[in-house]
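First the structure, in the form of structure tokens, and then the observations on it.
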Amino acid sequence: MNKKILLLLFVFTAISCKKDNSEPLKPEAKPKHKTNNLTDCYKANLAGNIIELQIRNHTNTVTGTLTYAFSGKEVTQGTFKGKWENNVLIANYTYEAKGKSKERQVAFKRMNSQLLEGYGERKTNSTQFKDVTKLQFNANMPLKKTACN
């Protein structure tokens, strides 16, 4: 009986002392640059006047699409590129109107789960705002967050 116990202890000791040849676990390498590539969609529809905005948030920039469809006017669709500054998206919007490519600066203030479009004085002979800190934001036609299509 003692020999069987000694033999079992020897086997267990030999098994437990076996060298593990597997590689040690390493943590996954973290990406060098954090990306925040989230898409948000917003829409306003007031008496058939529609504004649709799709925002793609990147690390340092914001891109997306913007559509204005106002009753009795030509629909304008285009793309924009800009950045968030103090909860205000300031972007250059490029679109086609009457067969010509045009560009103008746009601004949208984030308030809770909606955006308010900004209006203000433009620089002389320019489509850029004169002073983005003096913009007025239109609460009459808020763009509400919606599911993206």
* Translational D in µm²/s for the range 70-117 (Stokes-Einstein at 10 °C, 1.306 mPa s, Kirkwood Rh from C-alpha pairs) -> 133 µm²/s
* **Cross-link table 81/144; 123/145; 83/123, entries beyond 27 Å C-alpha to C-alpha** => 123/145
* Contour minus end-to-end for residue 147 and residue 103, with contour as 0.36 nm per residue of separation and end-to-end as the Cα-Cα distance? -> 13.1 nm
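Excluding residue 122 itself, what net charge comes from residues whose Cβ is under 14 Å from its Cβ, given Lys and Arg +1 and Asp and Glu -1?
Taking every other residue near residue 122 into account, the sum is +2.
For every other residue with a beta carbon closer than 14 angstrom to the beta carbon of residue 132, add +1 if it is Lys or Arg and -1 if Asp or Glu, then tell me the sum.
Net charge around residue 132: +3.
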* **Cα→Cβ-extended label distance, 7 Å offset, between residue 119 and residue 83, nm** => 2.9 nm
* Cα-Cα P(r), the range 38-146, percent of pairs per 5 Å interval -> 2, 12, 22, 26, 22, 12, 3, 0
* **residue 94 paired with residue 69, simple spin-label distance in nm, labels 7 Å along Cα-to-beta-carbon** => 2.4 nm
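Read-outs throughout are calculated quantities, based only on the coordinates presented, and are distinct from any laboratory measurement. The model shown is predicted, which means the values in this text are computed figures rather than measured ones. Positions of Cβ are backbone-derived with ideal geometry, glycine not excepted, and every protein chain shown enters the neighbour counts.
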